[in-house]
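**Q** Dropping the structure in here first, questions after.
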Amino acid sequence: MHSLLSLCLFSLSFLPNVNALGGSLSNKFRIMAEMGLLPDGTPMRLSEDQAIQAPSIKATKAAAAETIVAEYVTLPLDHFKSGYGSTRTFNNRFWVAESGYKPGGPIFIYDVGEADAEPSALFRLQDPNSFFKQIVDAYGGIGIAWEHRFYGNSTPVTIDLDTPAEEFTYLTAEQALADIPAFAAQFSRKNINATLTPEKTPWIFIGGSYPGMRAAFVRKFYPDTIYASFASSAPVEARTDMSVYFEPIWRGMNAYGWANCTKDIHAAINYMDGVMERPFSASALKERFLGLGAGNNTNAGFADALSTPFYLWQSYGVEGGSTGLRSFCDWLSTDPATNKTAPAEGWAASKGANFTVGRWASFPYFTDMVNSYMTTNCSGVASMEGDCDLQLRFSDPAGISWTWQYCTQWGFLQSANLGPTQLISKYNSLQHQADICHRQFPSAPPSLLPAWPAVHKTNAHFGGWAIRPSNVYWSGGEFDPWRTLSPLSSESWAPKPKPFTSPVPACGVQTQEGEIFASVIEGAEHCFDFRTSFPGGEGSREVFMGALTEWLKCFKAR
């Protein structure tokens with residue numbers, strides 16, 4: 001069913017399967033949104049008659065004056081000489097734009113993070129809609145798009161379902177961070193007669209989401225390499241239970257006028273959780289949504305499928321085209337018999353939760369979303385049995401690598417936010433999220449893959465949300481789910497330092513824990529200041545550039 005949508009989604013190499021709402025899949029959506037593209041690859045629209053002019057990657061290549069090709073640097077697999085990998089090396093991929101360089105200009109490195117960097121590298125470096133290119137050109141700098149170890153072509157081994165767990169020993173935040181100074185120390189360009197290494201040229205690190213975390217961490221641990229950083233939407237506080245992920249979605253949907261939809265989703269989820277307590281009715285419910293054969297799945301697997309409407313929130317808010325929350329909520333909130341829209345309290349309050357469940361089950365794109373995001377093949381109809389397995393291991397290389405990272409170090413387990421704002425089935429429990437880790441790596445010994453992510457060790461090393469490296473600008477979206485674990489978190493249990501943008505902190509001076517040089521961007525979600533199509537992001541970029549201008553005046557060559 002809906003073969004055109006399925007074709008669009010599957011044709012994009014951007015889309016790996018990953019079950020968690022964070023990680024490699026959402027990173028790919030974020031990259032597409034920054035490029036001005038919807039998940040199906042078509043241009044986003046700001047209004048009914050205004051499309052964002054975001055040329056395709058192919059068009060960008062053709063239009064660019066500068067020829068940029070992938071380059072590689074050989075790096076140690078083990079920077080700390082702690083094990084069998086101490087003598088091994090691997091080749092890390094990167095791309096460089098230097099046509100706008102002016103003598104004395106800084107080096108800017110954009111960290112792509114938990115994804116294959118190739119699909120977006122040339123957009124970052126060449127497209128006039130790219131904020132990174134705009135910043136690099138404004139300072140007469142050199143731009144570098146950097147691929148993270150164990151992603152894309154920057155892998156010491158082939159990453160697939162047969163990769164031994166031991167090979168992931170060196171996929172740690174510490175090792176990946178140490179790649180940056182090792183690379184910078186040997187960087188040069190044959191066409192530029194200047195010393196471009198950090199002792200003579202300032203290096204600026206820019207990243208959002210996990211790369212935003214790295215932007216802060218690299219400034220903390222390697223200040224002699226990275227002179228300043230832009231850390232957008234950076235959840236630096238590792239945490240096992242991230243059920244709070246769904247709270248900004250609830251708040252944001254209500255703020256944007258979708259209170260009727262959140263109430264109906266809440267009612268439908270509670271109703272379905274009750275239905276799934278009885279095995280026979282649970283099987284029938286799953287087949288009602290996903291077709292014949294879906295009833296064989298566990299309640300937890302079906303709970304994962306029910307979470308798919310929220311996959312696009314952090315990258316698109318309620319937008320996202322036919323699979324976005326606007327489309328989903330418009331369907332959910334419309335009574336097909338009268339074509340009326342649900343009142344503020346939703347339809348479930350008057351028509352019963354089963355009415356809303358029926359609307360959800362009949363959403364035209366639901367089966368396609370589940371099949372695409374979870375890489376399965378549910379039929380979506382009662383008359384034909386599909387190969388509908390909702391408990392598959394993630395087969396995409398980026399999904400495999402990111403799962404290793406969050407399962408070992410970061411946590412970020414997005415279980416159901418039980419209570420009055422619940423959007424996700426209770427069967428998406430914290431234990432289920434942990435089980436996904438061990439399902440993915442069934443032969444990994446406890447010495448490599450702990451029973452639960454080692455978040456306390458991670459925070460003890462990196463500092464969590466208390467870190468305040470100097471020369472760092474932080475930003476976050478008002479309704480960004482990842483803001484909940486950034487220093488800008490507004491949650492009741494967060495430290496809540498006071499953000500400020502003026503005056504700019506002095507060069508090399510850390511702020512106190514009770515304050516932070518940062519912006520919370522109104523009406524924004526994840527890394528929205530990295531997209532030039534979002535008007536509210538310009539102010540955040542201007543704050544960073546104003547600070548960088550002041551900080552660069554203090555740079556002294558060593």
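**Q** With a 1.4 Å probe and all protein chains left in place, how much accessible area per residue does the chain have, in Å²?
**A** Numbers: 20480 Å² over 558 residues.
Per-residue value: 37 Å².
**Q** With each run of n ≥ 4 DSSP H residues scored as -39500 (n - 2.57), what mean residue ellipticity at 222 nm is computed for the chain after dividing by its residue count and rounding to the nearest 500 deg cm²/dmol?
**A** Details: 20 runs with 191 residues, N = 558.
It comes out at -10000 deg cm²/dmol, rounded to the nearest 500.
**Q** Could you sort out which of Lys28/Lys457; Lys286/Lys426; Lys263/Lys351; Lys190/Lys220 sit more than 23 Å apart by Cα distance in this structure? Don't skip to the end; give the middle numbers.
**A** Values: Lys28/Lys457 28 Å; Lys286/Lys426 15 Å; Lys263/Lys351 13 Å; Lys190/Lys220 31 Å.
From Lys28/Lys457; Lys286/Lys426; Lys263/Lys351; Lys190/Lys220, over 23 Å: Lys28/Lys457; Lys190/Lys220.
**Q** May I pose another question? Across every pair of different alpha-carbon atoms, what Kirkwood hydrodynamic radius in Å does the range 131-217 reach? If you can, show how the numbers build up before the last one.
**A** Values: mean 1/r = 0.0660 Å⁻¹.
About 15.2 Å, per the Kirkwood formula over Cα pairs.
**Q** Okay, next question. Let me know the Kirkwood hydrodynamic radius for the range 415-558, please, with Cα pairs as the basis and the value in Å to one decimal. Mind showing how you got there, number by number?
**A** Working: mean 1/r = 0.0552 Å⁻¹.
One decimal place: 18.1 Å for the Kirkwood radius.
**Q** In percent, how large is the relative contact order of the chain, given Cα pairs closer than 8 Å and 6 or more residues apart? Don't skip to the end; give the middle numbers.
**A** Values: 1117 pairs, mean separation 101.2, N = 558.
Averaging sequence separation for qualifying contacts and normalising by length gives 18 percent for the chain.
**Q** Here's a follow-up. If ligands, DNA and RNA are left out, what is the accessible area of Ile159 with a 1.4 Å probe, given in Å² to the nearest 10?
**A** My reading of the accessible area for Ile159 is about 20 Å².
**Q** If you put +1 on each Lys and Arg Cβ and -1 on each Asp and Glu Cβ, how big is the dipole of the range 193-339 around its Cα centre, in Debye rounded to 20? Can you show the working numbers first?
**A** Working: 11 positive and 13 negative charges, 65 e Å.
With Lys and Arg at +1 and Asp and Glu at -1, about 320 debye.
**Q** Quick check for me: using +1 on Lys/Arg Cβ and -1 on Asp/Glu Cβ, what's the dipole size of the chain about its Cα centre, in debye to the nearest 20?
**A** On the way: 41 positive and 52 negative charges, 194 e Å.
The dipole magnitude comes to about 940 debye.
**Q** Farthest toward the dipole's positive end in the range 358-450, which of Pro420, Ser443, Cys378, given Cβ charges of +1 (Lys, Arg) and -1 (Asp, Glu) about the Cα centre?
**A** Farthest along the dipole direction, towards plus: Pro420.
**Q** On to the next question. Just name one of Ala303, Met253, Ala342: the one whose Cα is farthest towards the positive end of the charge dipole of the chain (beta-carbon charges, Lys/Arg +1, Asp/Glu -1).
**A** Of Ala303, Met253, Ala342, it is Met253.
**Q** Evaluate the chain: find the radius of gyration of its Cα atoms, find its Kirkwood radius, and give the ratio Rg to Rh.
**A** Values: Rg = 23.3 Å, Rh = 24.1 Å.
Computed over Cα atoms, the ratio is 0.97.
**Q** Rounded, prolate or oblate: which one fits the range 499-556, using the alpha carbon gyration tensor with axes a ≥ b ≥ c (rounded when a/c is under 1.5, else prolate when a/b beats b/c, else oblate)? Don't skip to the answer; put the middle values down first.
**A** Values: a/c = 2.98, a/b = 1.55, b/c = 1.92.
Because a/c hits 1.5 or more and a/b fails to exceed b/c, the range 499-556 counts as oblate.
**Q** Counting only protein heavy atoms and using a 1.4 Å probe, what share of the accessible area of the range 411-558 belongs to carbon plus sulfur, as a whole percent?
**A** Numbers: 3430 of 6140 Å².
That fraction is 56 percent.
**Q** Could I ask something else about it? Rounded to whole Hz and in sequence order, give me ³J(HN,Hα) for the range 364-378 from the Karplus expression 6.51 cos²θ - 1.76 cosθ + 1.60, θ = phi - 60°, writing x for Gly and Pro.
**A** x, 9, 4, 4, 4, 4, 5, 4, 6, 6, 9, 6, 10, 9, 6
**Q** Could you order Thr511, Thr338, Thr323 so the one with the most accessible surface comes first? Probe is 1.4 Å. Walk me through the numbers before you get to the answer.
**A** Working: Thr511 25, Thr338 75, Thr323 5 Å².
I get Thr338, Thr511, Thr323, largest accessible area first.
The values are calculated or read from the model by the stated rules, or taken from the named source; none is laboratory data. Keep in mind it's a predicted model, so treat the numbers as computed, not measured. Note: ideal-geometry Cβ built from the backbone for every residue, glycine included; neighbour counts use all protein chains shown. Just so you know, the surface numbers come from the protein's heavy atoms only, side chains and all, with ligands and any DNA or RNA stripped out. Shrake-Rupley method; radii C 1.70, N 1.55, O 1.52, S 1.80 Å.
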